[in-house]
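The values are calculated or read from the model by the stated rules, or taken from the named source; none is laboratory data. Predicted model only: the values in this text are computed from it and were never measured. Note that we place each Cβ from the backbone using ideal geometry, even for glycine, and neighbour counts take in every protein chain shown. Surface areas here come from the heavy atoms of the whole protein model, side chains and all, with no ligands, DNA or RNA. Shrake-Rupley method; radii C 1.70, N 1.55, O 1.52, S 1.80 Å.
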Amino acid sequence: MLHTISYVSTSKELSDFQINELLYTTKLKNEDLGITGILMYSDYNFFQIIEGEKKVIQYLYQKIKRDIRHFNIIKILDRSINIPSFTSFQSTYTIINREKDYPDLQQFLEVGKVYNPKNFQNISYLVNKFMKLA
Ligand SMILES: Cc1cc2nc3c(=O)[nH]c(=O)nc-3n(C[C@H](O)[C@H](O)[C@H](O)COP(=O)(O)O)c2cc1C
């Protein structure tokens, strides 16, 4: 069974090196585990979507919640899905860490909305909110 969890959180004071290390390790680990989604970092805030096997996702979320590099974790989505939304995006776990990465994601979401309006409208709304908030 496939599942998705999404949340926003506040980053602890981390150096650029620490942020990059976190983003890069997350990407590698998720690719290894077959987890898809996005992790966005902007101005002390994280926004993450993870999609994959229910047990794997729930176990990972418990670990992420305990991670001392962030706090104020607010869960937004926690539900089963039929089809993952991000398998086709850049074909890897996606990290958005710079303004320049954002247009690609937006374009992907716009196309997604045409084929799967229900899923993508929510995701697109959250991503845009996050970018404006950050
Ligand atoms: C904002 C944030 C997002 C994270 N996302 C992931 C993730 O998607 N996948 C992952 O493996 N670890 C992620 N981590 C790291 C985990 O919290 C944890 O450090 C890591 O899974 C521990 O791996 P280990 O069991 O190999 O020690 C994240 C950490 C933070 C602070």
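Overview of values
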item	result
Value at 222 nm in deg cm²/dmol, rounded to 500, when DSSP H runs of n ≥ 4 in the chain each add -39,500 (n - 2.57)	-15000 deg cm²/dmol
Sequence-distant aspartates and glutamates (8 or more away, or on other chains) whose Cα lies within less than 13 Å of Lys54	Asp78
Residue range of the chain that is longest and free of trypsin sites (Lys or Arg not before Pro) which are both DSSP loop and sparsely packed (at most 13 other C-beta within 10 Å)	13-97
In Å², nearest 10: area of Met1 left accessible to a 1.4 Å probe	140 Å²
Surface share of carbon and sulfur [accessible, 1.4 angstrom probe, percent] for the chain	54 percent
Under 17 Å from Lys12, Cα to Cα: aspartates and glutamates that are on another chain or at least 8 residues apart	Glu21, Asp43, Asp67
Solvent-accessible area per residue for the chain (1.4 angstrom probe, square angstrom)	59 Å²
Out-of-range pairs (alpha-carbon distance over 19 Å; input Lys65/Lys132; Lys29/Lys55; Lys65/Lys118)	Lys65/Lys132; Lys65/Lys118
Estimated translational D of the chain in µm²/s (Stokes, Kirkwood radius over Cα pairs; 37 °C; 0.692 mPa s)	220 µm²/s
